[in-house]
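Please read the structure below before turning to the comments.
The values are calculated or read from the model by the stated rules, or taken from the named source; none is laboratory data. Predicted model only: the values in this text are computed from it and were never measured. Cβ placement follows ideal geometry from the backbone for every residue including glycine, while neighbour counts extend to all protein chains displayed. Protein only, heavy atoms only, side chains kept; ligands, DNA and RNA dropped before computing areas. Shrake-Rupley method; radii C 1.70, N 1.55, O 1.52, S 1.80 Å.
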Amino acid sequence: MNDRERAFAFFGTSVLLRATGEALRLPTVAELAEVFGDAGLEQSRVPVAIRAAHGPSVAFSFDEDHPVPDGFRVDGLRVAWHTLGEADFRAAGTARQKVEWYRTHRFCSRCGAATAVDAAHESMTCPACGQHHFPRVAPAVIVLVQRGPEALLGRSPRFLPGVYSTLAGFVEPGESLEECVHREVEEEVGVRIANLRYFGSQPHPFPNSLMVGFVADWLDGEIRIDPREIEDARWFTPEALPELPHPMSIARALIEDFRARVAG
Ligand SMILES: [Zn+2]
């Protein structure tokens, strides 16, 4: 470990941040060694590679109820999203997924024996039966449905008050991304779509998704929401958009792209 390397230390699923005055940032390994001691730190280290934009980083895992040292604070990753900036947030998301995978694969799900990190395969490997357990990524689709100058946005009861976003859902076994978009839109709001176009993708570490974004045109049907999934959905013009999701999200990128195409 290099002392100046940045540290992704998780207390449960929350990330540890260095607090200096109002400013929050990722701590260095040296700063953690000062408060936890070299031995305590080594014990909490998660032996998986974390490649971040600023170079190699080290991950640590502490219990959720571990006392937070002075000069530090723990934040949920969704909160840290608002303070870290894109590069550090992306790296923190990667670290969190690997730490969670490590924490939850200590035993083989096939035979029950204790596993060990296999650096060559980047897997948790079972010495008894040879099974490799890789970190899982769950693909999900997200789509902006457009009808002329209007975009279809919905809100989940989990959203902050007033926020509407593009429709999203997880891919099911046996389903293509395109089939998933058609199914999700029809299930959630009861309309059919056509002319599906790929937009882009974004890792979404809550807890382990990859969001695959699309734009589609409305084909037919009126909005009829599935109240188990969303509480409201409407057509919005660029001039009368509601509260929008965070600027760093692919949902926001889809909506800004719509705004630019229609208003521009
Ligand atoms: Zn096994």
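Within region 96-114, if we keep just the residues that are among the aliphatic types (A, V, I, L, M) and either open to solvent by 40 Å² or more (accessible area, probe 1.4 Å) or within 17 Å of residue 7 (Cβ to Cβ) (or both), the residue that is farthest from the ligand (Cβ to nearest atom) turns out to be 99. Within region 127-141, residues that are away from the ligand (no atom under 16 Å from the Cβ) reach partners that are at pLDDT 95 or above and assigned to a loop (DSSP other than H, G, I, E, B) with beta carbons closer than 9 Å, at six or more positions or on different chains, in the pairs 138/171; 139/171; 140/171; 141/171.
Looking at region 20-30, which of its residues are surrounded by 16 or more Cβ atoms within 10 Å (Cβ to Cβ) and over 21 Å from residue 51 (Cβ atoms)? Even if it seems obvious, please write down each step before you answer.
Here is the first cut: in region 20-30, the ones surrounded by 16 or more Cβ atoms within 10 Å (Cβ to Cβ) are 24, 26-29.
Within region 20-30, 24 is the sole residue that qualifies.
Is it the case, given these coordinates, that residue 110 is over 26 Å from residue 254 (Cβ atoms) and not in a helix (DSSP H, G or I)? So residue 110 passes the test.
Note on region 165-201: residues that are open to solvent by 50 Å² or more (accessible area, probe 1.4 Å), more than 10 Å from residue 213 (Cα to Cα) and among the small types (Gly, Ala, Ser) amount to 1.
Could you tell me whether any residue of region 128-135 is part of a strand (DSSP E or B), of a type outside the set (Phe, Trp, Tyr) and open to solvent by less than 40 Å² (accessible area, probe 1.4 Å)?
Filtering region 128-135 down to residues part of a strand (DSSP E or B) leaves 132-133.
Right, trim to of a type outside the set (Phe, Trp, Tyr) and you get 132-133.
Cutting the leftovers down to open to solvent by less than 40 Å² (accessible area, probe 1.4 Å) gives us 133.
The answer is yes, given that some residue of region 128-135 is part of a strand (DSSP E or B), of a type outside the set (Phe, Trp, Tyr) and open to solvent by less than 40 Å² (accessible area, probe 1.4 Å).
Strands (runs of 3 or more DSSP E) fully within region 169-239 that include at least 1 residues being within 24 Å of residue 77 (Cβ to Cβ): 192-204, 209-220. Selection within region 15-42: residues that are of a type outside the set (Gly, Ala, Ser) and assigned to a strand (DSSP E or B). The member of this set that is farthest from residue 99 (Cα to Cα) is 20.
Does region 153-162 hold any residues that are of a type in the set (A, V, I, L, M) and open to solvent by less than 20 Å² (accessible area, probe 1.4 Å), and which are they?
Here is the first cut: in region 153-162, the residues of a type in the set (A, V, I, L, M) are 153, 160.
Scanning region 153-162 gives a single hit, 153.
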